[in-house]
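What follows is one structure encoded as structure tokens, with my remarks underneath.
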Amino acid sequence: MDSTSVYEGRNELEIVDVREPKEWREGRIEGARHIPMDDLPDRMEEKEVGRKIVTVCRSGARSGEMAEFLQSKGLDAANMEGGMTEWAKRGLPVTTPDGRAGKVV
């Protein structure tokens, strides 16, 4: 799923950021849920019922693996192509957890 589509549908999607805590603190998509890649298999019960999951990382590689994992468990999941790098390149908002302007690391 491309970043513009994720931005436009963000209120209907469950965006799951699978990056490491330092990456998350530096900049994220407002409203995204942070579940690091290594923690996702043990935290699947946190998924919101009835919402498509879109996984996100810096480039789309780690989140692609996690989208495939979630799909293998029967969940409606997609990867955000190009990750946060593409999101920022398109000028979409990146914030810190406290609401300040963030950056992709």
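Taken together, the values in this text are just the output of simple stated rules run on the coordinates, not laboratory data. The structure presented is a predicted model; accordingly, all values stated were derived computationally and were not measured. A quick note on method: Cβ atoms are made from the backbone with ideal geometry, for glycine too, and the neighbour counts reach across all protein chains shown.
Key figures
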{"item": "With Cα atoms, 0 to 90° folded angle of helix 61-72 axis to the chain main axis", "result": "30"}
{"item": "Lys/Arg +1, Asp/Glu -1 at C-beta; the chain dipole; positive extreme among ALA61, LEU40, ILE29", "result": "ILE29"}
{"item": "Among (1) -0.86, -0.96, -1.28; (2) -1.08, -1.18, -1.45; (3) -0.97, -1.02, -1.17, the entry derived from the coordinates for log10 I(q)/I(0) by the Debye sum over Cα atoms at q = 0.19, 0.20, 0.23 Å⁻¹", "result": "(1)"}
{"item": "Selected from MET37, MET80, MET66 as most flexible by GNM, with the chain as the system and alpha-carbon contacts under 10 Å", "result": "MET37"}
{"item": "14 Å beta-carbon shell around MET1, net charge (K/R +1, D/E -1)", "result": "-4"}
{"item": "Surrounding net charge for ASN79, when Lys and Arg each add one and Asp and Glu each subtract one, Cβ distance under 14 Å", "result": "-4"}
